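Data block below; observations after.
The values are calculated or read from the model by the stated rules, or taken from the named source; none is laboratory data. Every value quoted in this text rests on a predicted model; they were computed, and no experiment measured them. For neighbour counting, all protein chains shown are included, and Cβ atoms are generated from backbone atoms with ideal geometry for every residue, glycine included. Keep in mind that these areas ignore ligands, DNA and RNA; they rest on the heavy atoms of the full protein, side chains included. Shrake-Rupley method; radii C 1.70, N 1.55, O 1.52, S 1.80 Å.
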Amino acid sequence: MDVLTVLHWIGVIVCLILALTGLIPVIAAAATFVTIPFHAWINHYGKAAPYLPRVAIIVPAWNEGAVIGASIDRLMKLDYPREALRIYVVDDASTDETPDVVRGRAEQYPGNVHLLRREQGGQGKAHTLNHGIAKVLEDDWMEALLIMDADVIYTPESLRRMTRHLADPDVGAVSAYIREGSSTGRNYLTKFVSVEYVLSQPAARRAQNVLGAQACLAGGAQLHTRENLLAIGGRIDTSSLAEDTITTFETQLLGKKVVFEPHAQVLAEEPSSVDGLWKQRLRWARGNVTVTARYSKVWFRRSRVHNLGGISFGIVWFSLWLLPLIMILSAIGLAGLLFLEDGLATGIFRVLWISAALAYLFVLILGAQTDGSTTKRELGHVLLFPGIINMIVMITALFPPVVLVWLPGLFDVTLTTPVLFILTLAIYVWIPFSMVVAWLARRADKTRARRWLSPALIYLAGYGSLLCAITFDSYLKELAGAEARWDKTEKIGRVAAG
């Protein structure tokens, strides 16, 4: 065997390995959702019991005048003993009417609503929370602490459903299901967010309950016991943009359980523009970089204290965090195989995309069962979630003659060998390119054509490609050492108006 032949087959093997990495997130997603039905038997409800501790609610607020009043009113209407509730709004040096609104509610609900004013703000949410936590811990009234965002709306029974898990002394924290709940101003993006939240919360977090390891307490709905709060230092981490994830990890590393309660629902207003969503998710993604590095000695190391080091949890974490890189490597592998062994490339392409199509269908059907009302309402965006071009690529993998023979014949187009090669190459490298299209959607969001161009590009590329593009941007920001800033998501009270 000559040197060129050896090099050829080495190249084939390398490209094959790269291409097959695309199966990792597919398998991880399918395996995660397979565990969801087991939540009917493997859950925490057996140890939950009616329990109504004294709850201090800390609400960090900066220029939340449009939403804070309605949020306080809804909290006071919770199906929970009023004498066991105290609301502490920590005003982060707001320049709008936020403090005046809170003072008005303090007069309306004496003893239940308290304003804590910071004269110097702008340090980020964690610093604001710590200001409130320090005040709450000054006496022993508080038995449990609820951290929430100023704009979210808790359904009446939500807090009671969360506190019942604290009847088990082994539980350190509980999280709720945060839904996109805008009642006005909904658009294509908020509908995609609704679908995303169904798949990532009542679905995926049920699976994490089964695995015994939660990735993150929802930042706007996290309930801690006083003991757990003190055990993790009596304060929230201020060194990263992922303070909620770090709190979640620290709780479990100390041997306490973190429970997701899918029946406690919290409505939130999410960004309705690509640029707004990009800034929010970039903050989350950069925070996850910090978490991944900080807990490097935890990954894939089993422990008797916690389940964060489990193989299944680690694969799920890294398959999501490294998804853009995996997609790029897989596309490079497919493109390389096309040049080296086109027959093998065709087979691997079909394996990848048929697997992805079947996994998505499985995830879609199972995830829909966890929140049928949202799925039914957003059915069109459920179907379009992968993106129109990705759907065409899936059809190409499932039924190649339809796209490559029947459709060209219908339009009386002849695909010559060079044209077919270029078309095939374009299909193989589409996934990385779809992230570029999503990036262009953000650029278009800042132009006069944003009303039609941004939605068109997202519908073509897919909402998942948008999330991957944001994660890839977090890689670039970290490599460049860019400043990690807390960009506040603008809220205008679309939930409170409902």
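Take the Cβ atoms of residue 311 and residue 475, set R0 to 22 Å, and the FRET efficiency comes out at 0.35. When Rg and the Kirkwood radius Rh are both evaluated on Cα atoms of the range 240-299, their ratio Rg/Rh stands at 1.05. Peptides 446-453, 433-440, 55-62, 36-43 ranked from most to least packed, by the mean per-residue count of other Cβ atoms within 10 Å: 55-62, 433-440, 36-43, 446-453. The largest-to-smallest principal axis extents of the Cα set in the chain are 82, 55, 43 Å. Here the ratio of the Cα radius of gyration of the range 57-199 to 2.2 N^0.38 Å is 1.09. Set the bar at 30 Å for Cα to Cα. Now go through 47/125; 191/256; 125/376; 257/376; 77/125 and name every pair that lies beyond it. The pairs that break the limit, which is 30 Å between Cα atoms, are 47/125; 191/256; 125/376; 257/376.
Phi angles of the range 271-276 translate, via the Karplus equation with coefficients 6.51, -1.76, 1.60 and θ = phi - 60°, into HN-Hα couplings of x, 10, 10, 4, 5, x Hz per residue; Gly and Pro are given as x.
Computed packing ranks the peptides 273-280, 328-335, 4-11 as 328-335, 273-280, 4-11, most packed first, by mean other Cβ atoms within 10 Å. The H on the amide N of residue 57, modeled in the peptide plane, is under 5 Å from the matching H of 86, 87, 88, 146, each at least 5 residues off or on a different chain. Listed by chain and number, the aspartates and glutamates whose C-alpha is less than 20 Å from the C-alpha of residue 446, apart from same-chain residues fewer than 8 away, are 270, 275, 473, 487, 490. List the residues of the range 199-218 whose backbone N lies under 17 Å from a point placed 7 Å from the Cα of residue 377 along the Cα-to-Cβ direction. Once the point is set 7 Å along Cα→Cβ of residue 377, 199-203 turn out to lie under 17 Å by backbone N, inside the range 199-218.
For the chain, the longest principal axis of the Cα atoms and the long axis of helix 463-480 meet at an angle of about 80 degrees.
Roll a 1.4 angstrom probe over the protein heavy atoms and tell me the percent of accessible area of the chain that is carbon or sulfur. The C+S portion of the solvent-accessible surface of the chain is 63 percent.
Treating each Cα of the range 298-387 as one equal point scatterer and applying the Debye formula with no solvent, the log10 of I(q)/I(0) at q = 0.11, 0.14, 0.23, 0.25 Å⁻¹ comes out as -0.54, -0.79, -1.09, -1.14. Taken over the range 144-230, the ratio of Cα radius of gyration to 2.2 N^0.38 Å equals 1.18. The simple spin-label model puts a point 7 Å past each Cα toward its Cβ; for residue 297 and residue 398 those points are separated by 4.9 nm. Each of residue 38 and residue 4 was given a label point 7 Å from its Cα along the Cα-to-Cβ line. The distance between the two points is 5.3 nm.
Every helix of 4 or more DSSP H residues in the chain counts as -39500 (n - 2.57), and over all residues that averages to -16500 deg cm²/dmol at 222 nm.
Per-residue extension of 0.36 nm, minus the Cα-Cα distance of residue 339 and residue 51, leaves a gain of 97.2 nm for this segment. The H on the amide N of residue 264, modeled in the peptide plane, is under 5 Å from the matching H of 177, each at least 5 residues off or on a different chain.
Fraction of C-alpha pairs exceeding 17 angstrom in the range 1-131: 72 percent, rounded to a whole number.
Each peptide in 455-461, 80-86 was scored by the mean count of other Cβ atoms within 10 Å over its residues; highest first, the order is 455-461, 80-86. In the chain, the longest principal axis of the Cα atoms and the axis of helix 125-136 are about 30 degrees apart.
Each part gets one Cα centre, and for the range 312-339 versus the range 132-174 those centres are 39 Å apart. Principal-axis analysis of the Cα atoms of the chain puts helix 23-34 at an angle of about 50° to the longest axis.
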